[in-house]
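One structure below.
The values are calculated or read from the model by the stated rules, or taken from the named source; none is laboratory data. If you're wondering where the values come from, they're calculated on a predicted model, not measured in any experiment. Cβ atoms come from the backbone with ideal geometry, glycine included; neighbour counts cover every protein chain shown.
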Amino acid sequence: MMKKIFTKEVRIAFVGIAALVLLFLGMEFLKGLSVFSNDNEYYITFKDISGLSASNPIFADGYQVGVVKGISYNFDTNDDIVVCFSVDKNLRIPQGTSAEIVSDLMGNVKMNLLLANNPRERVNPGDTIIGAINSGNLGRLAAMIPDVEKLLPKLDSILSSLNSLLADPSLRHTLHNVEDVSANLKTSSVELNGLMVSLNQNVPTVLTRTNNVLANAERISANMAELDLAKTMAEVDQTITNIRQLTEQLNNKNGTLGLLMNDPQLYNNMNRTMKSADSLLNNLREHPNRYVHFSVFGKKE
C-alpha cells in the first residue's frame, strides 16, 4: 500500500516542490532577506524613492542594519510611496528618527536611518517614519545648473572682449615695454646688490668712526660737566665790568686817556713835537760833526 502511495509521479512532485522551496529561499537569500528571521518591520513614506528597490541595504551610522522588503505605490490617489523595511530586532529606533535615500556617482542607491537622540521614546515595530531624498553632490550640482546657464552669456561676452584685447597691437607693445622694464629692473637689482655689498663692507668702518665720535662727545660732555660754570660766568661778568670802566675813562675828557683821545690841541702839539724830533734826527744823521767832536791832541779852535 505504501509503495502505491509513493509512486514515481508523487516522488517527482515532491522533488519539484522541494526545488521550488529551495529556489525561493535562494532568491530571498540573494536579495538579502531572511525567511526564517524574526527581524522587526517598519514603514517609511517618501514623495520620491529615487530608484530605491527591494533588497536595497539600510544603514545606521554607516553600519548595515537591514534591507528593504517591499515598496507599495497607491495608483489611485498618487499619494506617498510606502517602503517596508526590516531591521535587526536588537536595534532600538528612537522616536523622531527619519530616513533618507542616498545615490552615489555610480548609481547605487541605499537608505540611511538618521537615529534621533531620544533615549526614552522609541518607534514600535509596524510604525511609520518620515523619509526624504538626500541628493548629495549630484543634487547640489544640479541645483547649480540654472546659475551656470545664467553665467554662460556673460562668460561668452567676457571671452569675446578678451579675444579683442589680445588681438590689439598695443597689448603686444605694452608687453614688450614690460619686458624692457623687467630687464631694467634686473640691472637695477644687480647694481643695488653691489651697492648693498659695498655698504656692508663700509658699515663697520662707519660704525667705528661713529663710536669714536660718540666717545669724544661723551668725554667733552664729561669735561663740560666738570667745569665750574658759575665761577666762569663770574669772571666773564668781571671782565665785562672792567671793559665798561675802561670805556668810561676813555670817554671822560677830564682824565688822561680822555684828553689823549679827545683834545685836538694835545694831538697837534704831539704831532709838531714828533716832526721836530724827526727833523733833528735827520740833521744829526746828515751833519754829525756839528754835535759830536773828537780830538786826539786837544781841542781845536
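Under the condition of being of a type outside the set (A, V, I, L, M, F, W, C) and in a strand (DSSP E or B), which residue from region 69-79 is farthest from T45 (Cα to Cα)?
Restricting attention to region 69-79, the residues satisfying the condition of being of a type outside the set (A, V, I, L, M, F, W, C) are 69-70, 72-74, 76-79.
Next, from what is left, pick out any that are in a strand (DSSP E or B): 69-70, 72.
Working: K69: 14, G70: 12, S72: 10 Å.
Going through the qualifying residues, I end up with K69.
I'm trying to understand the selection: among the residues of region 80-115, which are over 18 Å from F46 (Cα atoms) and basic (K, R)? Result: K89, R92.
What number of residues within region 80-114 satisfy the criterion of being under 16 Å from I133 (Cα atoms) and in a loop (DSSP other than H, G, I, E, B)? Result for region 80-114: 6. Every listed requirement among (1) surrounded by 13 or more Cβ atoms within 10 Å (Cβ to Cβ); (2) on the phi > 0 side of the Ramachandran plot; (3) not hydrophobic (A, V, I, L, M, F, W, C) is met by D88 save one, (2).
A Cβ distance below 7 Å, combined with a sequence gap of six or more or placement on separate chains, defines the contacts here; from region 114-143, residues that are modelled with pLDDT under 80 reach residues that are of a type in the set (V, I, T) in the pairs I133/I101; N134/I101; N134/V102; G136/V102. The set of residues in region 64-99 that are under 17 Å from L114 (Cβ atoms) and either small (G, A, S) or under 49 Å from the mean Cα position of the chain (by Cα) (or both) comprises Q64, G66, P94, G96, T97, S98, A99. What about G66, is it assigned to a loop (DSSP other than H, G, I, E, B), in contact (Cβ under 8 Å) with a residue 12 or more places away in the chain, within 21 Å of D127 (Cβ to Cβ) and among the small types (G, A, S)? No; evaluated as a whole, the condition is false for this residue.
To keep it simple, each residue is scored yes or no on (1) touching a helix residue (DSSP H, G or I) at 6+ places or on another chain (Cβ under 8 Å); (2) hydrophobic (A, V, I, L, M, F, W, C); (3) touching a residue at least 60 places away in the same chain (Cβ under 8 Å); (4) surrounded by fewer than 10 Cβ atoms within 10 Å (Cβ to Cβ).
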| site | (1), (2), (3), (4) |
| --- | --- |
| P153 | no, no, no, yes |
| L159 | no, yes, no, no |
| L165 | yes, yes, no, no |
| L195 | no, yes, no, no |
| N200 | no, no, no, yes |
| N211 | no, no, no, no |
| A222 | no, yes, no, yes |
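Looking across region 38-63 at every residue that is part of a strand (DSSP E or B) and under 53 Å from the mean Cα position of the chain (by Cα), the one that is surrounded by the most Cβ atoms within 10 Å (Cβ to Cβ) is identified as I44.
When restricted to residues that are out of contact with any Ser or Thr (no Cβ under 8 Å at 6 or more places or on another chain), crowded, with 16+ Cβ neighbours inside 10 Å and modelled with pLDDT under 85, region 64-85 contains 0.
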